[in-house]
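Reading through the structure tokens given below for one structure.
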Amino acid sequence: MRLTTVVTPGTPRAIVTRLNQEIVRIVNLPDIRSRLLDLGADIVCHSPDQFGAFIKAELVKWSKLLKEMGIRLD
């Protein structure tokens, strides 16, 4: 399980930054962190820019695989 947060495109940068800061803070609270780990979560606290780069790389990777296998999404 990977925990992620995505906001609507065009969300003001200040809001994205604040959401990221608060989510990182909460995820790192000992009781929350422990519970998430118990549930099998992969806790990775990226910056919004790092997360955006990760999503772009995943889209390229999976799009390539689907194309190579001849799979179409309808």
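The values are calculated or read from the model by the stated rules, or taken from the named source; none is laboratory data. Everything quoted here is computed from the prediction, not taken from an experiment. Glycine gets a Cβ as well: all are built from the backbone with ideal geometry, and neighbour counts include every protein chain shown. Each accessible area value is taken on the protein alone, full model and side chains, heavy atoms only, with ligands, DNA and RNA left out. Shrake-Rupley method; radii C 1.70, N 1.55, O 1.52, S 1.80 Å.
Selection among SER63, ILE26, SER47 by position relative to the dipole of the range 14-74 gives SER63 as farthest towards the positive end (Cβ unit charges, Cα centre). A DSSP coil position with no more than 14 other Cβ atoms inside 10 Å describes the following trypsin sites (Lys or Arg not before Pro) in the chain: ARG72. Out of every Cα-Cα pair that the chain contains, those further apart than 20 angstrom amount to 47 percent.
Adding -39500 (n - 2.57) for every DSSP H run of four residues or longer, then dividing by how many residues the chain holds, sets the calculated 222 nm ellipticity at -20500 deg cm²/dmol. What a 1.4 Å probe finds exposed on the chain is 61% carbon and sulfur by accessible area, rounded to a whole percent. What whole-number value in Å² describes the accessible area per residue of the chain for a 1.4 Å probe? With the other protein chains kept in place, the chain gives 83 Å² per residue.
Structural descriptor for the chain: relative contact order 37 percent, calculated from alpha carbon pairs under 8 angstrom and at least 6 residues apart.
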